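So the structure is just underneath, and the comments pick up after that.
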Amino acid sequence: MNVLITGASGLLGGRIAEQAESRGDLVFSGYLTHQPAFGYPTRMDIANMQSVSEAFRRARPDLVFHTAAITGVDRCERDRDLALQVNVEGTRSVAQAARDSGSYLVFLSSDYVFDGSRGLYKEEDARNPINFLGKTKALAEDAVKSSGARHLIVRTSFIFGSRASRAEENFALWAIRKLRSHAPFKVVVDQFITPTYDWNLVRMLFEAADRGIEGTLHLAGATRVSKYDFAFSIAKSFGLDWELMIPTSMGDVGWAARRPVDSSLDTSRARAILVNKPMELSESLRRLREEMRE
Ligand SMILES: NC(=O)c1ccc[n+]([C@@H]2O[C@H](COP(=O)([O-])OP(=O)(O)OC[C@H]3O[C@@H](n4cnc5c(N)ncnc54)[C@H](OP(=O)(O)O)[C@@H]3O)[C@@H](O)[C@H]2O)c1
């Protein structure tokens, strides 16, 4: 099967490319600035329709994983034009190209489409983003829905794993580095998420894609925690000194963009229909530890 991945140089896209290659798919790894480690490097700027069409012409994909985005929450808030161009117009172009080439599209959206006032959001809950990243993801979902492409919109939350993306560390690697540095560091206690182990997400994504599931699906970890408790679980799991962690609140951090207080996702639909289930945090961390030991 021909698989095109946008953002294959990123944290999740890189894992998808690795998995697709190990399955024997013909993998076209889309990137903008950093050459991906797996698949055929396929340079494409999703903000440029011609560049998108050219990548589709070369890859002739049966399946497209669209993960490319401006993912920095504060960056989106500061550089709104770029966020609109890449996250919304870029997604519109990818969805139109998928429709025109008859490809099945899996689009990666975010828990930040919700306002975080309640938590444990289901697929059908009303979206109400409170930051610009969330707004662009909600608009991008609409662009995918109205494109006419056969599609699945996947909302996920707080991806972590053993590999950093080129742009930045993921939270687990950051916490492990901080805990190993033996210096005290602050972690927020009042933001709740459903941390998602990258390999768990990749397996669920491929199962959903292989079965051609359509609509919207929440694919995330099965455990809702505060960021502080996530870091605490990492410390416990890796045998590191949790007393270095200083509990702090979001208001004290000085971020440019607001974060939803509780954007945790309810993954019961995924649990009900998939063989590969959303994993509990303790199990995810056990696997991460094993993977990092190897
Ligand atoms: N990470 C999370 O916790 C999380 C949570 C919820 C949802 N998501 C969603 O999951 C997806 C993957 O996230 P991630 O953390 O893996 O992303 P990431 O590591 O930040 O990677 C972003 C990717 O987008 C590419 N990109 C940026 N601008 C582009 C453009 N104009 N044209 C083509 N490619 C472009 C980058 O390419 P270069 O590096 O080559 O420039 C990079 O490969 C995103 O859509 C994100 O919104 C992530």
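The values are calculated or read from the model by the stated rules, or taken from the named source; none is laboratory data. Values in this document were obtained by computation on a predicted structure and should not be read as measured data. Cβ placement follows ideal geometry from the backbone for every residue including glycine, while neighbour counts extend to all protein chains displayed. Only protein heavy atoms, including side chains, enter the accessible area calculation; ligands, DNA and RNA are left aside. Shrake-Rupley method; radii C 1.70, N 1.55, O 1.52, S 1.80 Å.
Here are the numbers for this structure:
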quantity	calculated
Pair list, Cβ under 7 Å, 6 or more apart: the range 185-207 residue modelled with pLDDT of 95 or more, other residue of a type in the set (Asp, Glu)	PHE192/ASP262
Test set (1) part of a helix (DSSP H, G or I); (2) of a type outside the set (Phe, Trp, Tyr); (3) under 18 Å from the mean Cα position of the chain (by Cα) - THR216 fails condition number	(1)
Residue within the range 35-53 that is in contact with a Leu (Cβ under 6 Å, 6 or more places away or on another chain), more than 13 Å from the ligand (Cβ to nearest atom) and modelled with pLDDT of 95 or more present	no
Subset of the range 106-148 that is more than 24 Å from SER268 (Cβ to Cβ) and among the aliphatic types (A, V, I, L, M) - its residue that is most open to solvent (accessible area, probe 1.4 Å)	LEU139
Search result, residues across the range 253-272 that are assigned to a helix (DSSP H, G or I), out of contact with any helix residue (DSSP H, G or I) (no Cβ under 7 Å at 6 or more places or on another chain) and either under 21 Å from VAL113 (Cβ atoms) or among the hydroxyl-bearing types (Ser, Thr, Tyr) (or both)	SER268, ARG269, ARG271
Any hit, the range 10-26, residues being surrounded by fewer than 16 Cβ atoms within 10 Å (Cβ to Cβ) and touching a Leu at 6+ places or on another chain (Cβ under 9 Å)	no
